[in-house]
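Data block below; observations after.
The values are calculated or read from the model by the stated rules, or taken from the named source; none is laboratory data. These figures come from a predicted structure and were not determined experimentally. Note: ideal-geometry Cβ built from the backbone for every residue, glycine included; neighbour counts use all protein chains shown.
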Amino acid sequence: MIKITEIVEEKKKIYAISEESPFYPDGKGGQLGDRGKIGNANILFVEFKNGKYYHLIDKKIEVGEYNFEIDEKRRKDISQQHTAQHILSAAFEQIADLDTVGFRMAEEYTTIDLEIPNLPENIEKEAENLSNEIIQKCLNVEEIFTTKDEISKYNLRKGLSDKVQGDIRLIKIGDFDINPCGGFHVKNTGEIGLVKIISKEKVKGNLTRLYFLAGFRAINDYDEKIKITKNISNLLTAKVEDTPLRVEETLKKMKEYKSKYEKINEKYAELIAKDIFSKAEKINNIKFIYLETKEDFVNFLPKFLPMDEVLYIVKKDNRLEISSGKIDCKELINNIRKDYPQLKGGGGKNRGSLIGNIDIKDIKKYI
């Protein structure tokens, strides 16, 4: 049973508050929190603050005692990610003496931050391989409870914070790793299945952030990527192993076709430029040309128009592309935006753009 002592409603959110809770809070130690039910209300988030547990729930309940359910499938997933993180961090330390200085578990992936700006591919792969070897060895994962006075007898991977008070929980993975932790873990490394690094990026100037998946997250990611590669191979009518070469060939052909397409558009623009100029409306000694089209030939028209006589505007969706050698485009755009502040845009003397809805007859007033 869980005893709810208070119900708080704020900003359209409902919190069931308790002094104690079987639900692990979100964010504690970088870990995701539990989900489940209190009575018939679903838990959306769990927070521990001011000495109390705040359970964000999807429907209002009353103060009192309730049966509860914990989402064990989610807890298993969290355990897989968390133990995998311990293994991966230990692997990087053993292989390259790299410390993990940051850890975050999200709903779709987990990250660790390593103290190196550019992580070599060979070290990354070696650490991943070692981690999977440890997983396949099915090592026992033990909880050890100790105190600050006794902690020195353990060879910890990471030093203990001075803020830690009272009993200390250590997670020991065979003889491979031992580290303080208060989160969820599997009982045996074999329960993880596998761990896979999926990407990395440089952060904070001198750190490498690794994104990884473990357990069913890694399996689901693999399934999705197999599906994608099969779809690509079907589209290209090629074997999966031949798709990189076929994609390269296709991109090369597309580049050639694009070049030919642009030449055709340029030639077409040259052929019709004279006719468009002759039919242009004249406003205050300026030839005003306005086209509303998504066709690409319009990009080449200025090349064949006497732009020192022309104000040329092309509308594509809600974007106006403006160019001229006769008037200052920047000044024109600024004047329009003073009266139509909802419009976005800007530009230079000879070219600019406006984004938003404005009738062309209203623009003519500023010419």
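Listed here are the residues, each with its yes/no results for (1) touching a residue at least 12 places away in the same chain (Cβ under 8 Å); (2) touching a Pro at 6+ places or on another chain (Cβ under 9 Å).
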{"site": "Lys153", "(1), (2)": "no, no"}
{"site": "Pro180", "(1), (2)": "yes, no"}
{"site": "Leu194", "(1), (2)": "yes, no"}
{"site": "Ile198", "(1), (2)": "yes, no"}
{"site": "Thr208", "(1), (2)": "yes, yes"}
{"site": "Tyr211", "(1), (2)": "yes, no"}
{"site": "Asn220", "(1), (2)": "no, no"}
{"site": "Ile228", "(1), (2)": "no, no"}
Is region 231-241 home to any residue that is within 25 Å of Glu124 (Cβ to Cβ) and not assigned by TED's automatic domain parsing to the domain that holds Asp149? yes
For region 310-333, does any single residue satisfy the condition of being farther than 21 Å from Asp362 by Cβ and assigned to a helix (DSSP H, G or I)? no
Can you tell me which residue in region 205-244 is nearest to Lys76 (Cα to Cα), limited to those that are outside any helix (DSSP H, G or I) and charged (D, E, K, R)? Arg209
Residue hits (region 105-151; touching a residue at least 12 places away in the same chain (Cβ under 8 Å) and under 14 Å from Arg169 (Cα atoms)) are Val141, Glu142, Glu143, Ile144, Phe145, Thr146, Thr147, Lys148, Ile151
Scanning region 334-356 residue by residue, those of a type outside the set (Gly, Ala, Ser) and in a loop (DSSP other than H, G, I, E, B) turn out to be Tyr340, Pro341, Gln342, Leu343, Lys349, Asn350
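One line per residue, one yes/no per condition, for (1) touching a Leu at 6+ places or on another chain (Cβ under 7 Å); (2) without any contact (Cβ under 8 Å) to a residue 24 or more places away in the chain; (3) at positive phi; (4) of a type outside the set (Val, Ile, Thr):
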| residue | (1), (2), (3), (4) |
| --- | --- |
| Glu281 | no, yes, no, yes |
| Phe304 | no, no, no, yes |
| Ile313 | yes, no, no, no |
| Leu320 | yes, no, no, yes |
Output yes when any residue across region 15-22 is at pLDDT 95 or above, within 26 Å of the chain's Cα centre (by Cα) and on the phi < 0 side of the Ramachandran plot, and no when none is. no
Note: among Ile355, Ile336, Ile360, Ile367, just one is closer than 18 Å to Pro302 by Cβ and among the aliphatic types (A, V, I, L, M), namely Ile367
Taking the options Ile123, Ile144, Ile112, name whichever one is of a type outside the set (Lys, Arg), closer than 25 Å to Asn206 by Cα and in contact with a Leu (Cβ under 6 Å, 6 or more places away or on another chain). Ile112
Can you confirm whether region 203-210 contains a residue that is touching a Ser or Thr at 6+ places or on another chain (Cβ under 7 Å), in the same structural domain as Tyr109 (by TED's automatic domain parsing) and within 22 Å of Asn122 (Cβ to Cβ)? yes
Close pairs from region 21-35: first closer than 11 Å to His55 by Cα, partner part of a helix (DSSP H, G or I), Cβ under 6 Å, at least 6 apart: Arg35/Arg74
Out of region 182-204, which residues are small (Gly, Ala, Ser) and in a loop (DSSP other than H, G, I, E, B)? Gly182, Gly183, Gly193
Here are some residues: Asp175, Asp77, Asp71, Asp113. Which one is touching a Phe, Trp or Tyr at 6+ places or on another chain (Cβ under 7 Å) and among the charged types (D, E, K, R)? Asp77
Identify the residue in region 230-275 that is free of Cβ contacts under 8 Å to residues at least 24 places away in the same chain and of a type in the set (Val, Ile, Thr) and, among all such residues, is nearest to Pro302 (Cα to Cα). Ile264
